[in-house]
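Peer 1: What follows is a structure written as C-alpha cells; I'll ask about it next.
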Amino acid sequence: MSKTKNKIKICVVTGSRAEYGLLKPLILKLKNDNSYNVRLVATASHLEKKYGNTYKEIENDKIKIDEKINIKLTDSSADGVNKSFAICVRKFSEYFSNNRPDILLVLGDRYEILATSIAAYILQIPIAHINGGEATSGTLDEGFRHSITKLSTLHFTSTENYRQRVIQLGENPNSVFNVGVLSVDNINNFKTIEKKDLEKDIQFNFSSPSAIVTFHPVHTDKKSSVEQLNELLSALDKFNNLNILFTKSNADIDGSKLNEILSHYVSKRKNSVLVDSLGMQRFLSALRYIDIMIGNSSAGIVEMPYFKKPTINIGDRQNGRLKAKSIIDCKTEAKEIYKAINKSLSKEFLKQCESVESIFGDGKASEQIVKIIKEKAHQLNLKKEFFDVPFNKYK
C-alpha cells in the first residue's frame, strides 16, 4: 500500500448536498488526525446550477475541495443518467490513476457513488462504505447501495440490523462495523441558527402550523413520481393555514420535473417557499423550529425523530428502514396524506412523539470510523471471498 510520509491517503467523494451534510463531521475528524492525508472530491449535483451549486456550501465551511469532477447532469431521463454514469466511471478512473489513494471513502446509494466505486474497484483501490445494509425498496438506490456493498472492503452501518444485512450479502463479519449514523454527530454538535435570522435568510415564517416538505422521485411504483407529487400537493391545498418550506428534489430521474412542479406551486401559494438546498446547519435548525416533516426523504426517518416531532412518510420509497414511533406511513393518495397530516398535528400524536428514543447510535459514528480505518488500513485484503450465512432453517 502506498504511503505519503506514513500517512493513510484517503479520498472522500461527495456528489450531493445531503450526503456532504452527513460526511462533514467525518471529513473534519479525518483532516484533524495526523494519521491521514485527506483529499476531497466533489461531483454530480454539487456542480450543477439547477441544484444550487452546493459545492459552495463545502467551501463556505472552509473545507478544501481538492478536485471538482463534472459528470454532466444535463438530462435527468433514464438515458441521461446512464450517460452521466458512464462519464463518471471514465473520469474517476482517470483521476484515481493519477491520484491513487490508499482508501476510497463513500457514503450511501447514489448512482454516481456506484460509478465512482466501480472505477476504484477495477483499479484495486480498497473501498470503505458507509450506510450499507439499509433498504429503500421504492427506488433504484436499493440496487445501487447493495452493489456498492459488494465492491467494498470495509463497511460502516448505522444499526446492528443493517450490519446483519451486509453480512447476509456475503461480507465477512470482521469487516462490518455498526457505528450509528453520522447525522446524529451533526445533531449533537451543530450550532442552531436563531429563528429570526433563519427566517430572514430563507424568507420563511416558522409560525405554527408549519411543515418542511421534501419529495424525491420514485421509480418502481405504478404511479409515476409526478402523479404522486400532485397527490401530495392536492392534500396540502386543504391546509390553507399551513406554512410550507419546500426543499428541491434530488438529481435522480425525473427530479427536474418535480422541481418545476414545485416552483409553479409555490408561485401560486402565498405561505410557501422553495429552496434549492438548506445545507446541514440551516436544515437542522429548520427541523428545530418546524412542526412536522412531510415527504419521502430519509431525513424524515433518521433526523426528524431526534427532534421528537412527527414525520409523514409517503409511499414506498423508505420501505425496509427501521422507523421510530413518530413516523406515520401513508399511501400516495391525497385523502390518505390529508388524514396523516391531521393526525400528525393532533395533541395526542404530538404527545406520543415526546417519548421517541434514539435508534441510530450515540453520535460518535465519525470518531469510530476514523479509529477503525486507522486500525485496518494497512491490513486490508482485496480478495473478495463470500461469507456464507447458514440457512438450514429455510430448507
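Peer 1: Averaging sequence separations of C-alpha pairs under 8 Å and six or more residues apart, then dividing by the length of the chain, give the relative contact order as a whole percent. Let's see the in-between values first.
Peer 2: Details: 754 pairs, mean separation 68.5, N = 395.
Relative contact order comes out at 17 percent.
Peer 1: If each residue of separation counts as 0.36 nm, what is the full-extension length gain between Ser77 and Thr192 once their alpha-carbon separation is subtracted? It would help to have the intermediate numbers written out before the result.
Peer 2: On the way: separation 115, 0.36 × 115 = 41.40 nm, distance 3.77 nm.
Additional length available on full extension: 37.6 nm.
Peer 1: What's the longest uninterrupted piece of the chain once you rule out the GluC sites (Glu not before Pro) that are loop residues per DSSP with at most 14 other Cβ within 10 Å?
Peer 2: Values: sites that count: Glu194, Glu354, Glu357, Glu385.
Between exposed loop sites, the widest span is 1-193.
Peer 1: Apply the Karplus curve 6.51 cos²θ - 1.76 cosθ + 1.60, θ = phi - 60°, to the phi angles in segment 260-276 and return the couplings in whole Hz, x for Gly and Pro.
Peer 2: Rounded to whole hertz, the list is 5, 5, 5, 4, 5, 4, 5, 5, 9, 10, 6, 9, 9, 9, 10, 10, 5.
Peer 1: Further question on the same structure: Residues with beta-carbon under 11 Å from that of Tyr95, excluding Tyr95: net charge, scoring Lys, Arg +1 and Asp, Glu -1? Don't skip to the answer; put the middle values down first.
Peer 2: Values: positive: Arg39, Lys68, Arg90, Lys91, Arg100; negative: Asp66, Glu67, Glu94.
It works out to a net charge of +2.
Peer 1: Please compute the contact order of segment 191-353 in relative form: average sequence separation of alpha-carbon pairs under 8 Å and at least six residues apart, divided by the residue count, as a percent.
Peer 2: Numbers: 266 pairs, mean separation 39.6, N = 163.
Relative contact order comes out at 24 percent.
Peer 1: What number, rounded to the nearest 500 deg cm²/dmol, is the helix-based mean residue ellipticity at 222 nm of the chain, given -39500 (n - 2.57) per DSSP H run of at least four residues and division by all its residues?
Peer 2: Working: 15 runs with 162 residues, N = 395.
After summing the helix terms and dividing by the residues of the chain, the value is -12500 deg cm²/dmol.
Peer 1: So what's the net charge close to Gly279: Lys and Arg +1, Asp and Glu -1, counting the other residues with Cβ under 15 Å from its Cβ?
Peer 2: Details: positive: Arg17, Lys24, Lys56, Lys62, Lys191, Lys248, Arg282, Arg288; negative: Glu19, Glu57, Glu59, Asp61, Asp197, Asp201, Asp276, Glu303.
Local net charge: 0.
Peer 1: Under a crude label model (7 Å from the Cα following the beta-carbon direction), how far is Glu354 from Leu382 in nanometres?
Peer 2: 5.7 nm
Peer 1: A further question follows. Using a Förster distance of 45 angstrom, determine the FRET efficiency expected from the C-beta separation of Lys56 and Asn319, and round it to 0.05.
Peer 2: On the way: r = 34 Å, r/R0 = 0.76.
For R0 = 45 Å, the calculated efficiency reads 0.85.
Peer 1: Let me ask another. Can you pull the one-decimal nm distance between simple spin-label points at Asn6 and Ser224, each 7 Å off the Cα toward Cβ?
Peer 2: The two pseudo-label positions are separated by 6.1 nm.
Peer 1: With the convex hull built on the Cα atoms of the chain, state its orientation-averaged projected area in nm².
Peer 2: Result: a mean projected hull area of 19.5 nm².
Peer 1: Would you mind checking which residues have amide H under 5 Å from Ser207's amide H? H placed 1.01 Å from N; only 5 or more apart, or other chain.
Peer 2: none
Peer 1: Give me a comma-separated list of calculated 3J(HN,Hα) values for segment 241-256, in order, Karplus coefficients 6.51, -1.76, 1.60 applied at θ = phi - 60°, integers in Hz, x for any Gly or Pro.
Peer 2: With coefficients 6.51, -1.76 and 1.60, one gets 8, 8, 7, 10, 9, 8, 10, 5, 5, 7, 8, 8, 4, 6, x, 5 Hz.
Peer 1: Test of understanding: what is the full-extension gain from Ser234 to Lys347, defined as 0.36 nm times their sequence separation minus their Cα-Cα distance?
Peer 2: Values: separation 113, 0.36 × 113 = 40.68 nm, distance 2.42 nm.
Value of the extension gain: 38.3 nm.
Peer 1: Loop only by DSSP, 10 or fewer other Cβ within 10 Å of the Cβ. Give me the trypsin sites (Lys or Arg not before Pro) in segment 1-59 that pass, ordered by residue number.
Peer 2: Details: sites: Lys3, Lys5, Lys7, Lys9, Arg17, Lys29, Lys31, Arg39, Lys49, Lys50, Lys56; in loops: Lys3, Lys5.
Here the sparse-neighbourhood loop sites are Lys5.
Peer 1: Under the Karplus relation 6.51 cos²θ - 1.76 cosθ + 1.60, θ = phi - 60°, what is the ordered set of whole-Hz ³J(HN,Hα) values for segment 13-24, x standing for Gly and Pro?
Peer 2: Calculated HN-Hα couplings, in order: 10, 10, x, 8, 4, 5, 5, 4, x, 6, 6, 3 Hz.
Peer 1: Does segment 157-230 come out rounded, prolate or oblate by the C-alpha gyration tensor, with a ≥ b ≥ c the root eigenvalues, rounded set by a/c under 1.5 and, if not, prolate when a/b is larger than b/c and oblate if not?
Peer 2: Numbers: a/c = 4.36, a/b = 1.42, b/c = 3.07.
Note, shape of segment 157-230 comes out oblate.
Peer 1: Beyond 25 Å, what share of the Cα-Cα pairs of segment 256-395 remains, rounded to the nearest whole percent? Mind dumping the intermediate values first?
Peer 2: Details: 4571 of 9730 pairs.
Every Cα pair in segment 256-395 considered, those over 25 Å come to 47 percent.
Peer 1: If the chain between Asp276 and Lys331 were fully stretched, how many nm would it gain, using 0.36 nm times the residue separation less the Cα-Cα distance? Working shown, then result.
Peer 2: Details: separation 55, 0.36 × 55 = 19.80 nm, distance 2.63 nm.
Stretched out fully, the Asp276 to Lys331 stretch lengthens by 17.2 nm.
Quick note: the coordinates plus some simple rules give every number you see, no bench work behind them. Note that the structure is predicted; figures quoted are calculated from it, not measured. Positions of Cβ are generated from backbone atoms using ideal geometry, with glycine treated the same way; all protein chains shown enter the neighbour counts.
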